[in-house]
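The values are calculated or read from the model by the stated rules, or taken from the named source; none is laboratory data. Given the structure is predicted, the values throughout are model-derived calculations rather than measurements. All Cβ positions, glycine included, derive from the backbone under ideal geometry; neighbour counts span all protein chains shown. In case anyone asks, the SASA skips ligands and DNA or RNA and just uses the protein heavy atoms, side chains included. Shrake-Rupley method; radii C 1.70, N 1.55, O 1.52, S 1.80 Å.
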Amino acid sequence: MLKKLQSMLLAAGLALTFASCAKDPQAPVSIPAIEYLNVDDISWYSFVISGRIKAMGDCDFDCYVRLESKESERVRFMPDEGGSFSVQFNGEPAGSQFQASLELVAGRQSIVSDAISFCTKKEIVEFECKEFKDFCVTNFDSDGDGDISFSEAGKVESIMLPDYSGISSLRGIEHFTSLKELFCNHGRLQGTVDLRENTSLNYLALAMNDLDEILLTPSEHMGWLVIIGNPIHSFDISRFPNLTWFDASDTPLTELDTSCNPYLSALYLSRTRIKSLNLEKQAYLRSLNVSYSELSTLDVSACAMDGYPLDLHCASSLHDMSILYIRDGQHIPNVTENRSNEHISPWTEIVVK
C-alpha cells in the first residue's frame, strides 16, 4: 500500500448556506462538513477512495467522488449512518495519474473538496538476482526510474549476458515475453530455470552453468539450443521441430531422439554418455561431433544429402567406436579422404552401405 494521500478539509471553510432543501426550498440549511478524504490500497489496477462526512441537519444532498485522469468520472455513493464511505475503483490502467475529489450536491448548489493527486502503481518485474536486475536496468530501463516495468520487459527481444557475470537466478525473465535471444553462459545458475513463458525464443544458450533442468514450452520458433557443461541427464528436442543447432557436449545425456528434428544441421554430443544414435532423418546434418561419447557404432549414411560435406568428429580415447557406416561416395573430409586421428579413431572400421 502506498502512503496515504490525505487532504484534511476544515469544516468551517466548507460550510455553506443552501437556498434549496427537499422539504422547503425556501428554508436555509447548513451544508454537511467533509471531515477527511483518503486514497488507500493503491495497486496496479485498483484503489479505494474513502472518507467521512459530518452530516448537519436533515437536508437531502447527494454525494459523489469525482475522479479525473484523461477523462472525468463522477461516481455517486451513499455514506453510512456515521457518514463514512469507501468507494473501490477497479480495472484502472497501471501507472496512470489521477485526481480525486469529493462533491456534495444539494439542489442547484454544490461544493467540491480539494483534489488529491495520486498514481496507480507500475507493474514492476521482481528479480531474485541483483546482478540480473542491474544488467536489465542498465540496458532496458527506458524511463530511468531504476526498475523494469512489465511494459519495458515486454519490448526486449535480446538478452546477452556477459560471461562470468555471476548471475545466479533468471527469475523475472517470465515477463520478457517478446524475448527471441537469451545468452547466459559461464554463470552461476543452479537447479531448474523456467523459460516456459518465453515462447518466442529462437536462440538459447545456457552453457557452463549448474542446471539439471530447463523448462521450455514446445515451440516452432526454437532454432538454436546450447546446454554445454550442465548436469542435465535428459533433454527432449522433439518439441522443437525446426531446431537446426543443438549442442549438449559435456553433459551426462544418455540418449537423444532426433526423429522429429529433420532440419538439424549441427549436432554436438561429445563427452556424453550416449550409447546409440539414430540419424535416419538428418538429411541436412553437416556437422556432427560425438567424440569421447559411448557410441560403439554410428551410421551417418543418411546425413548431408544436400551435397555438402559432413564435418564429422567421432574420435575416442576411452570407448573406441568399432564401425562407422557411410554411403557410397559420401564426402567426409578427414575421415574418408585424409583420415585424421582427431576426427576418427584409427581402430574404427569404415563400412560403405
| field | Pick from the range 311-334, criterion in a loop (DSSP other than H, G, I, E, B), in contact with a Leu (Cβ under 9 Å, 6 or more places away or on another chain) and more than 18 Å from L256 (Cβ to Cβ), ranking: most open to solvent (accessible area, probe 1.4 Å) | value | H331
| task | Please specify each residue of the range 130-172 satisfying the condition of being hydrophobic (A, V, I, L, M, F, W, C) and part of a loop (DSSP other than H, G, I, E, B). | result | I148, V156, L161, I167, L170
| remark: In the range 142-154, residues that are touching a helix residue (DSSP H, G or I) at 6+ places or on another chain (Cβ under 8 Å) and open to solvent by 30 Å² or more (accessible area, probe 1.4 Å) total 5
| field | Scope the range 84-113; condition part of a loop (DSSP other than H, G, I, E, B), modelled with pLDDT under 90, more than 34 Å from the chain's Cα centre (by Cα) and surrounded by 13 or more Cβ atoms within 10 Å (Cβ to Cβ); matching residues | value | G107
| note | Residues of the range 173-188 being within 12 Å of N202 (Cα to Cα) and touching a Leu at 6+ places or on another chain (Cβ under 9 Å), in sequence order, are L179, K180, E181, L182, F183
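Residue-by-condition table, conditions (1) in a loop (DSSP other than H, G, I, E, B); (2) open to solvent by 70 Å² or more (accessible area, probe 1.4 Å); (3) β-branched (V, I, T); (4) farther than 20 Å from D134 by Cα:
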residue: E174; (1), (2), (3), (4): no, no, no, no
residue: L182; (1), (2), (3), (4): no, no, no, no
residue: G187; (1), (2), (3), (4): yes, no, no, no
residue: G191; (1), (2), (3), (4): no, no, no, yes
residue: E197; (1), (2), (3), (4): yes, yes, no, yes
residue: L201; (1), (2), (3), (4): yes, no, no, yes
residue: L204; (1), (2), (3), (4): no, no, no, yes
residue: A207; (1), (2), (3), (4): yes, no, no, yes
residue: D212; (1), (2), (3), (4): no, yes, no, yes
| What residue, among those in the range 249-304 that are assigned to a strand (DSSP E or B) and open to solvent by 10 Å² or more (accessible area, probe 1.4 Å), is farthest from D320 (Cα to Cα)? | S287
